[in-house]
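To start, the structure under review is shown below, and the notes come after it.
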Amino acid sequence: MGRTTQIPSWSRNIAERDGEIRAAHRAFWELDRADKTGDWGTGSGTDTPAPCSDRGWLEFLEWALDGAEPEILSRVRVALDARASALNPDTSWVSVESIANQLKMAQGSEHIAGHMVTVDEKGTWVDDGHNSVLFGHQAFDLHCQRSCVLPELMFDRYHGLDTRPLEEMAYLYWREPWMSLIDTLTGARVPEIPAIREEFSRMATGAIGERVADRCRMAVLLWSTHVEREFLTCDRSAWASSFQWVRELVEEFAGSARVAVDGIYVDGISGNLYRIAPEKRHGSSISPALNAGDYFEVRKVARIGEDMTNPICIHVKEPKEKGVRDEEILGDIVVALLLALRNDLVTAETINPLFRELPRKYQARERPGDRRGWRRRFREHYPGMEIDPRLRDMLDRGEEEG
């Protein structure tokens, strides 16, 4: 679980408040259910709805403030309404999109949204009446190196929503660490409106009080985890029992299963070596394991060297009593995979991707489409060894031999 190194240390203190976590989780689900315009949604790998638009962020701020500091909500509403009004073709307001298009087409010096803009080989210079500030990759200050922020900042200044110097506004827009945490760890859409970004950062750092700060931090924690899948937010007693079962099974396999830094290695009866490890996400793509709901990948690995196959499509069954696989405790999923891979010859009878990874001597069939002879060959190779009956509860079984 290398990803946990990215989760801030304060999350451990927040996670101890189980009642508050459950209440926040319910509150976000209620906001999602009441949503009719797509302002809330769940990200891949999490089960807590998060804001998907700036309107959704306004609703979150209302929940986090819980009646405190009404001027913050007033500021954000004014910013939202101004942007909505600017999109009306009958209004004289200049929209964020219009400013962005003008900046994109700008050459030399032009007057755009109340600012003198000059484009040269270094980047985009904007005169805000105080200073001429350079935006672009050659800018002197880090917070000015991303010129994509300019339309939002210039809109606020042009329409009188903010009168501070551009450089100060840019610094507050990119102020760390909160927006980066939301972007890299959560399923929430990062807000675009400067007022929302600035106020959230102030709230999360404690400027409005610890209660509001804790609510903001709790939201980041919930949006970056699956409540039942992370040690920080899970039912600790259930996880303790679950992973004790993993430990007992590893000991029972007597050397055929080994725990390493990069996963759990298990020897299949076929002679194959497999690795069970947490699924890694690449960019914003949704992985097969996340789609399946168990968050683990299985690969066949070489006994000499570091070669390994692509992930094998093998996942646990949905539990009959719940019907939702992603509510399973992680330890139970690991146990299911350990049993399935240790007894890989039996498991492969019903899982084609695993069958294709077996040694060639086990891929010969009695006749096309018939794998029932495997059990006979299994007993020939391993006389006296019984097939682990626990597999029947973990995986679908194929047709038994007559």
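The values are calculated or read from the model by the stated rules, or taken from the named source; none is laboratory data. From a predicted model like this one, the values you see are computed outputs, not experimental measurements. Counting neighbours? That spans all protein chains shown, and the Cβs are built from the backbone with ideal geometry, glycine included.
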- Residues being crowded, with 19+ Cβ neighbours inside 10 Å and either assigned to a helix (DSSP H, G or I) or aromatic (Phe, Trp, Tyr) (or both): count how many of those fall in segment 182-195. 4
- Query: What are the residues in segment 138-180 that are surrounded by fewer than 16 Cβ atoms within 10 Å (Cβ to Cβ) and either closer than 19 Å to residue 105 by Cα or among the small types (Gly, Ala, Ser) (or both), if any?
  - Reply: 146, 148, 160, 180
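One line per residue, one yes/no per condition, for (1) assigned to a loop (DSSP other than H, G, I, E, B); (2) over 32 Å from the mean Cα position of the chain (by Cα):
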residue: 77; (1), (2): no, no
residue: 84; (1), (2): no, no
residue: 88; (1), (2): yes, yes
residue: 94; (1), (2): yes, yes
residue: 125; (1), (2): no, yes
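Going by the structure shown, is residue 26 modelled with pLDDT of 95 or more and of a type outside the set (Asp, Glu)? Explain how you work it out, then say what you get.
Details: modelled with pLDDT of 95 or more: no; of a type outside the set (Asp, Glu): yes.
It is false that residue 26 is modelled with pLDDT of 95 or more and of a type outside the set (Asp, Glu).
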- Task: Please work out which one of (1) touching an Asp or Glu at 6+ places or on another chain (Cβ under 6 Å); (2) farther than 30 Å from residue 224 by Cα is the condition residue 88 fails and give its number.
- Result: (1)
- Query: If you check 255, 271, which single one turns out to be under 23 Å from residue 352 (Cα atoms) and either in the same structural domain as residue 363 (by TED's automatic domain parsing) or modelled with pLDDT of 55 or more (or both)?
  - Reply: 271
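Answer yes if at least one residue in segment 60-73 is over 23 Å from the mean Cα position of the chain (by Cα), small (Gly, Ala, Ser) and not in a loop (DSSP other than H, G, I, E, B), and no otherwise.
First, the residues of segment 60-73 that are over 23 Å from the mean Cα position of the chain (by Cα): 62, 65-73.
Cutting the leftovers down to small (Gly, Ala, Ser) gives us 67-68.
Going one step further and asking which of them are not in a loop (DSSP other than H, G, I, E, B), we end up with none.
There is no residue in segment 60-73 that is over 23 Å from the mean Cα position of the chain (by Cα), small (Gly, Ala, Ser) and not in a loop (DSSP other than H, G, I, E, B).
If I ask for residues that are free of Cβ contacts under 8 Å to residues at least 24 places away in the same chain and of a type in the set (Val, Ile, Thr), which ones from segment 137-173 would you list? If you could, list the steps in order and put the result at the bottom.
Of segment 137-173, the ones free of Cβ contacts under 8 Å to residues at least 24 places away in the same chain are 137-140, 145, 148, 160, 163-164, 168.
Across segment 137-173, the qualifying residue is only 163.
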